[in-house]
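What follows is a set of notes on a single structure, which appears directly below.
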Amino acid sequence: DEPLVREVFLALFDQAAKANPANLGEGMMAPYTDYVLDTWLKPLLAEALIVGGHGNAERWASLLNPTAFQALKERVDIEFPATNPPFFQPGDVAQFEVVVKNTPKLIVKIYELNTLNFFLTQKRQLNTDLNLDGLVANSEQTHSFDNGPFKRTRQTFKFPELKGQRGAWIIEFIGTGRSSRALLRVGQWQVIQQTGPSGDLLLVLDEKSEPVKDAVVW
C-alpha cells in the first residue's frame, strides 16, 4: 500500500501548504507523527513543498540529502491522474489531464488504431504497448511550459479533431527524454451472450444500452 500512502501524504502536505502558506516547515508533520515515522515523512514533506512550488526549492533542500535533492531536480514526470475518464462518449470533446514536471517542451503525437485488425491479430484488448516504430502520427502538437525543473503542474489537453468519431487512439507524450502513452477510446460497445436452441445468441449494445443495428461479430 505504500505507493498509495505516499501519494496521499504528498496531496495532504500540498493542500496544507496552500491553505496556510505562512506556516510552512517541519511542523506540518505533527498531526501524523503518532502514526508514521517522521524519518519517512520528512522527504515526502520536502518533495510536496518543492514540486508544489511553495517557496524557494533550495529552502527545503536541507530536508533531503544532496543526492535525493539532485534526483528530484532532474526527475521528469509525465503522468496521467486516475481521475481521467476511461473512455469518452461519441460526440464529446475528448480531453484529459496530464501532470508534467521538468518538461519545457512537450511533443504530443496522435496515432489512430485499426481496432479490428488489432483484435484479429493480437487476440487481446487494446493496450499502450503497441509497437509504433515506422508508424506516422495522424497529427502532432508541441507545447511549451516555463515552470522550471521542480514544479509539477496539471495540464489539460483537448483533442477536438476527434469529436464525432468512434474508435481508439494512442496519444504519446514526449519530453526531456521521457515518453508516456495514453489509450484514448471514444465509444464502447458490449455484448450480451445467451445460449439458444441453434447456438449462441449475441446482442450488441451501445453506450446507452441500446441495440446496435447491423452489428457484425468475428
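The values are calculated or read from the model by the stated rules, or taken from the named source; none is laboratory data. Please read all numbers here as calculations on a predicted model, not as lab measurements. Ideal geometry is used to build each Cβ from the backbone, glycine not excepted, and the neighbour counts take in all protein chains shown. Side chains included, ligands, DNA and RNA excluded: accessible areas come from the protein's heavy atoms. Shrake-Rupley method; radii C 1.70, N 1.55, O 1.52, S 1.80 Å.
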Can you tell me the length gained on complete extension of the stretch Asp146 to Gln125, counting 0.36 nm per residue apart and subtracting the Cα distance? 3.8 nm
Cα-based Rg (one decimal) and Dmax (whole number) for the chain, in Å? 22.8, 75
Table column - 3J(HN,Hα) (Hz), the stretch 134-143, Karplus curve with 6.51, -1.76, 1.60, x for Gly and Pro: x, 7, 9, 5, 5, 7, 9, 10, 10, 10
If you line up the long axis of helix 2-19 against the longest principal axis of the chain, both from Cα atoms, how many degrees apart are they, to the nearest 10? 60 degrees
Unsatisfied cross-links (Cα-Cα over 18 Å) in the set Lys123/Lys213; Lys109/Lys158; Lys42/Lys101; Lys73/Lys151: Lys123/Lys213; Lys42/Lys101
Report the calculated FRET efficiency for Asp133 and Lys105 (r = Cβ-Cβ distance, R0 = 22 Å), to the nearest 0.05. 0.50
Under 12 Å from the Glu79 label point (7 Å along Cα→beta-carbon), backbone N, the stretch 1-30: 3-12
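Averaged per residue, what accessible surface does the stretch 1-44 expose to a 1.4 Å probe, in Å²? Intermediate results must be reported in sequence, preceding the final value.
Working: 3130 Å² over 44 residues.
Per-residue value: 71 Å².
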Max mean-square fluctuation residue, GNM over the chain, Cα-Cα springs under 10 Å, options Leu24, Leu37, Leu63: Leu37
Give, as ranges by residue number, the residues of the stretch 26-68 whose backbone N falls under 20 Å from the point 7 Å along Cα→Cβ of Arg178. 43-54, 57-58, 61, 64-68
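Can you give the calculated 222 nm mean residue ellipticity of the chain, where each DSSP H run of n ≥ 4 adds -39,500 (n - 2.57) and the sum is split over every residue, rounded to the nearest 500 deg cm²/dmol? Walk me through the intermediate numbers first.
Details: 4 runs with 49 residues, N = 218.
It lands at -7000 deg cm²/dmol.
Using +1 on the beta carbon of Lys and Arg, -1 on that of Asp and Glu, and nothing else charged, what's the dipole of the chain about the Cα centre, debye to 20? Before the final figure, lay out the partial values.
Details: 22 positive and 26 negative charges, 81 e Å.
Dipole about the Cα centre, nearest 20: 380 debye.
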In nm, what is the difference between 0.36 nm times the number of residues separating Val8 and Gln190 and their Cα-Cα distance? 62.0 nm
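Report, in debye and to the nearest 20, how large the dipole of the stretch 113-218 comes out about its Cα centre when Lys and Arg carry +1 and Asp and Glu carry -1 on their Cβ.
Details: 13 positive and 11 negative charges, 85 e Å.
For this selection, approximately 400 debye.
Is there a quick way to get the dipole size of the stretch 65-169? I mean about its Cα centre, with the Cβ of Lys and Arg at +1 and of Asp and Glu at -1; what is the value in debye to the nearest 20?
Charge dipole of the stretch 65-169: 200 debye, to the nearest 20.
Express in nm, to one decimal, how much length is gained between Val93 and Trp40 on full extension, taking 0.36 nm for each residue of separation and deducting their alpha carbon distance.
Details: separation 53, 0.36 × 53 = 19.08 nm, distance 4.22 nm.
Extra length available between Val93 and Trp40 comes to 14.9 nm.
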Quick one: 3J(HN,Hα) in Hz for the stretch 163-177, Karplus 6.51/-1.76/1.60 with θ = phi - 60°, rounded, Gly and Pro as x. 5, x, 9, 10, x, 9, 9, 9, 9, 10, 10, 10, x, 6, x
Springs between alpha-carbon pairs under 10 angstrom, Gaussian network model over the chain: which of Arg124, Arg152, Arg178 fluctuates most? Arg124
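Any chance you could list the semi-axes, whole Å, largest first, of the equivalent ellipsoid that the Cα gyration tensor gives for the stretch 55-97, using √(5λ)?
On the way: eigenvalues 288, 21, 13 Å².
The answer is 38, 10, 8 Å, longest axis first.
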